[in-house]
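Just below is one structure, and these are the notes that go with it.
Just so you know, all these numbers are worked out from the coordinates, no wet-lab data involved. Nothing here was measured: the structure is a model prediction, and the numbers come from that model. Ideal geometry is used to build each Cβ from the backbone, glycine not excepted, and the neighbour counts take in all protein chains shown.
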Amino acid sequence: ASAADVTNGLTQTASGQTCTYKGLGFDFCAYGVKGTDTFYLTFVGCHFTPKHKDQSLLADTFGIHIDNAGTSEYNITVSACSVHDADMSAFYFKDINNLNVTNNSIEELSILKPGVGITAINCDQSVINGNPINGKDRAGTKGIFAQDCSAISISNNPLSDIADSPIEIKDI
């Protein structure tokens, strides 16, 4: 992607069937994967460096960003993926039932502004397990942020250099 463009590596919308993505790799994209109205998606062994080449842009960047805009969709799995230098959140999920985020590696959240390793908002019946997260000791960084979730399990996520909340939970 060019330095000035806010581009997406993959845009996934209105998925009504099983989609599995293996070994995707997107660098210098605002969103490695941007999804809306999505369900039955699996990402395995994918690699993202979602920062902009022109670091003065201060744009929000994400490895995977799935926001189902108030409609609870279901069955999203992210496993054995890595994200390096996300400027907002390495993985951002909203309005998902049966979310599984396991055995991923998140390295060096933004050096420009506070970032979050994994964000889960209104995600029910979910597992966040085995994801090492390095926050690069930037002020305001969070390892995991969960809000308005029910039946969520957060375990075995080694966190390092997180300058704010290692894990922040609201209204669970």
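Using each residue's phi in segment 73-84, evaluate 6.51 cos²θ - 1.76 cosθ + 1.60 at θ = phi - 60° and report the 3J(HN,Hα) Karplus result to the nearest Hz, with x for Gly and Pro.
Per residue, the Karplus-derived 3J(HN,Hα) values read 8, 8, 6, 10, 10, 10, 9, 6, 9, 9, 10, 10 Hz.
What FRET efficiency do you get for S105 and A69 if R0 is 25 Å and r is their Cβ-Cβ distance, rounded to the nearest 0.05?
About 0.30, to the nearest 0.05.
So, R0 is 25 Å and r is the distance between the beta-carbons of S165 and C19; what FRET efficiency does that work out to, to 0.05?
0.15
Can you give the extra length, in nm with one decimal, that the chain gains between S155 and D27 once fully stretched, where that is 0.36 nm per residue apart less the Cα-Cα distance?
Extra length available between S155 and D27 comes to 43.2 nm.
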